[in-house]
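Below you'll find the structure, written out as structure tokens, and then a few comments.
The values are calculated or read from the model by the stated rules, or taken from the named source; none is laboratory data. Note that the coordinates shown come from a computational prediction; the quantities given were computed from them, not determined experimentally. So basically every Cβ, Gly included, is an ideal-geometry build from the backbone, and we count neighbours across all protein chains shown. Heavy atoms of the whole protein, side chains included, go into the accessibility calculation; ligands, DNA and RNA do not. Shrake-Rupley method; radii C 1.70, N 1.55, O 1.52, S 1.80 Å.
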Amino acid sequence: MVKGKTFIIAGPSGVGKGTIIKKLFESRENLYFSVSATTRAPRPGEMDGVDYHFLSRERFLDWIDRNAFLEHAEFVGNLYGTPKKYVDEAMESGKDVILDIEVQGAEQVHRQRPDVVRIFIAPPSWEELERRLVGRGTEDPEKVRERLARSREDILLARYYDYLVINNDLDQAVEEIQAIITAEHCRARERYDSVTRRL
Ligand code: ADP
Ligand code: 5GP
């Protein structure tokens, strides 16, 4: 069986990563969403084990000690991390893994696994990003300011990613990510051996 690949979806808070990923899962099979752990409090409607594993800071530090994370990072006052075990299991079973993580975590994963595909999602403008973040209504004004400030730093890293998708029109952004995943599975260096064995 062909092993799955890992795709990192990174980009500013409020740019639409979660929304894009949700649509992607509705339109593509064979994907696995890696549920992260976080010390952030759940937002209304978020479910433990579905959106995140919501942990106390103490438990999060314990997971770090037990080497349970593929990567972990602090983002605007909270800790976030990718549990290692499920990512590997999903890839072994042939599924493509989607990681919704911030840029420091993306860097850590890329250093350990250079074949990971990094996709940066950018907003059409700063005004639109702020509108989306404020419009979501999940953070107080101070946190919104902190998240926007982080975005201005993070966007400078976009040039080092494999792909840059602008989330202006949602359907087009999802379509572009679909195309990226499909193209990554057509890479000759990975397909060549299995093809020549059959010919
Ligand atoms: P992130 O996961 O990147 O923090 P979200 O997926 O929560 O961002 O999206 C933030 C807000 O922007 C949500 O209210 C969402 O409905 C809205 N949104 C996402 N994509 C678009 C888009 N292409 N056009 C307009 N609004 C969008
Ligand atoms: P939010 O609090 O809005 O859900 O997420 C804040 C930021 O944390 C987003 O940029 C999101 O991609 C990132 N994030 C979510 N899970 C992880 C994770 O497991 N590791 C890292 N490094 N970042 C994460």
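Taking only Cα atoms, what is the 0 to 90° angle, nearest 10, from helix 103-112's long axis to the longest principal axis of the chain?
Compared with the principal axis, the helix lies near 30 degrees.
Mind checking the full-extension length gain between Arg59 and Glu190? Use 0.36 nm per residue of separation minus the Cα-Cα distance, one decimal, nm.
That works out to 43.2 nm of additional length.
Indicate, rounded to the nearest 5 percent, the antiparallel portion of the DSSP beta bridges found entirely in the range 63-199.
Counting only bridges with both partners in the range 63-199, antiparallel ones make up about 60 percent.
Could you please put Leu133, Leu148 in sequence from largest to smallest accessible area, using a 1.4 Å probe? Let's see the in-between values first.
Details: Leu133 0, Leu148 30 Å².
Highest to lowest solvent-accessible surface, that is Leu148, Leu133.
Given the C-alpha centroids of the range 1-42 and the range 67-91, what is the distance between them in whole angstrom?
After rounding, the separation between the Cα centres reads 13 Å.
Go through Ala149, Val97, Thr196 and say which Cα lies farthest out towards the positive end of the charge dipole of the chain; charges sit on Cβ, +1 for Lys and Arg, -1 for Asp and Glu.
Thr196
How high is the relative contact order of the range 83-174, given as a whole-number percent (alpha carbon pairs under 8 Å, six or more residues apart)?
35 percent
For an R0 of 30 angstrom, estimate the FRET efficiency from the Cβ-Cβ distance between Glu128 and Asn30 and round to the nearest 0.05.
In this case the efficiency is close to 0.40.
Let me know the charge dipole size of the range 107-188 about its Cα centre in debye, to the nearest 20, where only the beta-carbon of Lys, Arg (+1) and Asp, Glu (-1) is charged.
Numbers: 13 positive and 17 negative charges, 60 e Å.
Once rounded to the nearest 20, the dipole reads 280 debye.
So how tilted is helix 17-27 from the main axis of the chain? Cα-based, degrees 0 to 90, rounded to 10.
With rounding to tens, the tilt is 40 degrees.
How high is the relative contact order of the range 48-124? Use alpha-carbon pairs under 8 Å, at least six apart in sequence, and give a whole percent.
Over the range 48-124, the number comes to 20 percent.
Could you tally up the Lys pairs in the chain with alpha carbons closer than 22 Å? Skip any pair fewer than 8 positions apart unless they're on separate chains.
Within the chain, the lysine pair count is 17.
Compute the signed sum of charges (Lys and Arg +1, Asp and Glu -1) over the other residues within less than 11 Å, Cβ to Cβ, of His72. All intermediate terms of the calculation are to be shown ahead of the outcome.
Working: positive: Lys84; negative: Glu71, Glu74, Glu102.
Net local charge, His72 excluded: -2.
Could you tell me how many degrees, from 0 to 90 and to the nearest 10, lie between the Cα long axis of helix 188-198 and the main elongation axis, the longest principal axis, of the Cα atoms of the chain?
For 188-198 against the chain, the angle is about 30 degrees.
Mind checking the dipole of the chain: about its Cα centre, +1 per Lys or Arg Cβ, -1 per Asp or Glu Cβ, Debye to the nearest 20? Kindly include the intermediate steps, with their values, before the conclusion.
Values: 31 positive and 35 negative charges, 96 e Å.
Charge dipole of the chain: 460 debye, to the nearest 20.
With θ set to phi - 60°, apply the Karplus curve 6.51 cos²θ - 1.76 cosθ + 1.60 along the range 77-93 and write out the HN-Hα couplings as whole Hz, x wherever there is a Gly or Pro.
Once θ is set to phi - 60°, the couplings for the range 77-93 become x, 10, 9, 9, x, 9, x, 6, 4, 5, 4, 5, 4, 5, 5, 4, 7 Hz.
How large is the helix-only mean residue ellipticity at 222 nm for the chain, computed as the sum of -39500 (n - 2.57) over DSSP H runs with n ≥ 4, divided by its residue count, in deg cm²/dmol to the nearest 500?
On the way: 8 runs with 90 residues, N = 199.
Taking each H run of at least 4 residues, the total per residue is -14000 deg cm²/dmol.
Would you tally the net charge around Glu190, using a Cβ to Cβ cut-off of less than 12 Å, leaving Glu190 out, and scoring K and R as +1, D and E as -1?
Taking every Cβ under 12 Å from that of Glu190, the sum is +2.
Using 1/(1 + (r/R0)^6) with R0 = 30 angstrom and r between the beta carbons of Ala149 and Thr19, what's the FRET efficiency to the nearest 0.05?
The value I calculate is 0.85.
Quick one: putting +1 on the C-beta of Lys and Arg, -1 on the C-beta of Asp and Glu, what dipole do you get for the range 1-55 around its Cα centre, in Debye to the nearest 20?
The calculated dipole for the range 1-55 is roughly 240 debye.
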